[in-house]
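Data first, discussion second: the structure below is written as structure tokens.
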Amino acid sequence: MRKYILAFLSVFPLISFAQPKDSTLLKTTNNYAISAMYQNGYVFPTNDFVRGSNTEKELINAFQTVSIRFSKQSFGEKVWEHWYNYPQWGVGLSLYDFYNPEEIGNPVALYGFFNAPFKRWNKLSFNYEIGFGATFNWKHFDPITNSSNIAIGAGESFYIDAGLNLQYALAEHWDLETGFSVTHFSNGALKKPNFGLNTIAPKISLKYNFDEKHDFIKHEIPKFQAEKEWLISTFIGGTNVIYDSINVDIQEKYEGVTFLVSGITSTMNWHLTRMSKIGIGMAFTYNGSVNAQVAVDNNELEVADGLFSDKIQISIFPSYEFVVNRFSLILQPAFYLYRKQTANQTPVFHHRIGLKYHFTNDFFVGITLRDYAFHVSDFVEWNVGYRIKW
């Protein structure tokens, strides 16, 4: 990993200084930028693997990552860019080193991010940033070759990142950024064991802007008209269950059984501002893993479903929605009102965090992660829905 970091840092200056000499070409870049970022931080001790139950019998409590990111700075070409104080957005590629390549590997994250200011000054801005994507190249759990790694169950995982930062304009084309971020890696319980990895780290970034800086375009902001809306959506997903007590070949045992999860959600929202909505909602869920019975037939797991009524779950949640044009970030702390009581079931209090995109004014698609204990994934919901507003 270290040789990749050194190679990347040596190449980045060559990329950033390779600017066109003709100044007219700069105007065609549409305010694009490239940046290099470095982080060195802390891994939260949220499972036995990182607490020392690994081959080395040592804490996995540190990591480092180097990133290259391409972004676009908005200057108010659209009215909504003015509402959000002229944000920037883009894509990033990060190489991770958890100092344990034998059991974790050197994962690579590919993600999109959105960075917007709380406050701007002359050359300085104080910003928040959120990012979502996917991570590849994990050395995941294997019952024979990598049995200690209960944190990562598959070679791919979801990537969720949030943080704060300060950005300072060093020169016409150069910006320096420093701050911190919190990151969650998990496959959403599509393949278990999957206790996930959670990190926090300071970061420092040097950004080169291909174009010259421009004055921000000011818009006359129309008066905000508060609205109400009713959202109804349907979702589908899956959850993987491993039956440790079953006497079967170890590879077959840890392949587990993946059960269908589906349901309907209904949410009533009130617009607080153009950027924020609050509401209350309910989720009606069918979870096929509840009370499912498993038997062994010719060294293979056979599932005998229980009663349909045993698998119904009803939950209620307050909802907060952060809106960016057609995208929304959704946060919903939730409570089960009704479900079949079973042994070793998940807590009553859980969380729903998701992304939503309106491909028309009223129809939307999205993805929601349902988890508990603030770090353990339950399952992922892929949803489609419709909005009625007045």
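The values are calculated or read from the model by the stated rules, or taken from the named source; none is laboratory data. Note that the structure is predicted; figures quoted are calculated from it, not measured. For neighbour counting, all protein chains shown are included, and Cβ atoms are generated from backbone atoms with ideal geometry for every residue, glycine included.
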Enumeration of residues in region 181-234 that are within 30 Å of A171 (Cα to Cα), of a type in the set (A, V, I, L, M, F, W, C) and outside any loop (DSSP other than H, G, I, E, B): V182, I200, A201, I204, L206
Within region 284-331, residues of a type outside the set (F, W, Y), closer than 28 Å to A116 by Cα and out of contact with any His (no Cβ under 7 Å at 6 or more places or on another chain) come out as P318, S319, E321, V323, V324, N325, S328, L329, I330, L331
Taking the stated definitions as given, is T265 within 26 Å of K192 (Cβ to Cβ), outside the structural domain of G153 (by TED's automatic domain parsing) and modelled with pLDDT of 95 or more? yes
Failed item, numbered, when Q341 is tested on (1) more than 23 Å from the chain's Cα centre (by Cα); (2) closer than 19 Å to A226 by Cα: (2)
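This table checks each residue for (1) more than 21 Å from I34 (Cβ to Cβ); (2) of a type outside the set (G, A, S); (3) surrounded by 22 or more Cβ atoms within 10 Å (Cβ to Cβ); (4) assigned by TED's automatic domain parsing to the domain that holds S125.
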{"position": "N165", "(1), (2), (3), (4)": "no, yes, no, yes"}
{"position": "A169", "(1), (2), (3), (4)": "no, no, no, yes"}
{"position": "E172", "(1), (2), (3), (4)": "no, yes, no, yes"}
{"position": "L176", "(1), (2), (3), (4)": "no, yes, no, yes"}
{"position": "N198", "(1), (2), (3), (4)": "yes, yes, no, yes"}
{"position": "A201", "(1), (2), (3), (4)": "yes, no, no, yes"}
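Looking at S276, S266, S186, S245, can you tell me which residue is exposed (fewer than 15 other Cβ atoms within 10 Å of the Cβ), in contact with a Gly (Cβ under 7 Å, 6 or more places away or on another chain) and among the small types (G, A, S)?
On the way: S276 fails: in contact with a Gly (Cβ under 7 Å, 6 or more places away or on another chain); S186 fails: exposed (fewer than 15 other Cβ atoms within 10 Å of the Cβ); S245 fails: in contact with a Gly (Cβ under 7 Å, 6 or more places away or on another chain).
Result: S266 is the single residue among S276, S266, S186, S245 that is exposed (fewer than 15 other Cβ atoms within 10 Å of the Cβ), in contact with a Gly (Cβ under 7 Å, 6 or more places away or on another chain) and among the small types (G, A, S).
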Yes or no: G90 at pLDDT 95 or above, out of contact with any helix residue (DSSP H, G or I) (no Cβ under 7 Å at 6 or more places or on another chain) and under 21 Å from D211 (Cα atoms)? yes
Single condition N209 does not satisfy, out of (1) touching a helix residue (DSSP H, G or I) at 6+ places or on another chain (Cβ under 6 Å); (2) buried (at least 18 other Cβ atoms within 10 Å of the Cβ); (3) not small (G, A, S): (1)
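Answer yes if at least one residue in region 278-299 is part of a loop (DSSP other than H, G, I, E, B) and farther than 24 Å from A154 by Cα, and no otherwise.
Filtering region 278-299 for residues part of a loop (DSSP other than H, G, I, E, B) gives 288-292, 298-299.
Okay, now just the ones that are also farther than 24 Å from A154 by Cα, so 291, 298.
So far as region 278-299 goes, yes, one or more of its residues are part of a loop (DSSP other than H, G, I, E, B) and farther than 24 Å from A154 by Cα.
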Count, please, the residues in region 31-80 that happen to be loosely packed, with under 14 Cβ neighbours inside 10 Å and of a type in the set (S, T, N, Q). 2
Some residue of region 303-314 being in a strand (DSSP E or B), without any contact (Cβ under 8 Å) to a residue 24 or more places away in the chain and hydrophobic (A, V, I, L, M, F, W, C): yes
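Filter region 126-160 for residues that are part of a loop (DSSP other than H, G, I, E, B) and charged (D, E, K, R); which is nearest to the chain's Cα centre (by Cα)?
Residues of region 126-160 part of a loop (DSSP other than H, G, I, E, B): 139-141, 143-145, 147-156.
From what is left, the residues that are charged (D, E, K, R) are 139, 156.
Values: K139: 20, E156: 13 Å.
This residue is E156.
Which is more than 30 Å from W83 (Cα to Cα) and touching a His at 6+ places or on another chain (Cβ under 6 Å), of Y372, Y336?
Details: Y336 fails: touching a His at 6+ places or on another chain (Cβ under 6 Å).
None of the other options fit; the residue is Y372.
Report, by residue number, each residue of region 356-379 that is aliphatic (A, V, I, L, M) and in contact with a Ser or Thr (Cβ under 7 Å, 6 or more places away or on another chain).
Filtering region 356-379 for residues aliphatic (A, V, I, L, M) gives 365, 367, 369, 373, 376.
Matches in region 356-379: L369 only.
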List pairs: first in region 72-89 and closer than 13 Å to R120 by Cα and in contact (Cβ under 8 Å) with a residue 24 or more places away in the chain, second among the polar types (S, T, N, Q) and assigned to a loop (DSSP other than H, G, I, E, B), Cβ under 6 Å, 6+ apart or cross-chain? Y86/S74; P87/S74
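Any idea which of Y128, Y111 is assigned by TED's automatic domain parsing to the domain that holds F49, out of contact with any Ser or Thr (no Cβ under 9 Å at 6 or more places or on another chain) and at pLDDT 95 or above? If you could, list the steps in order and put the result at the bottom.
On the way: Y111 fails: out of contact with any Ser or Thr (no Cβ under 9 Å at 6 or more places or on another chain).
Exactly one residue qualifies, and that residue is Y128.
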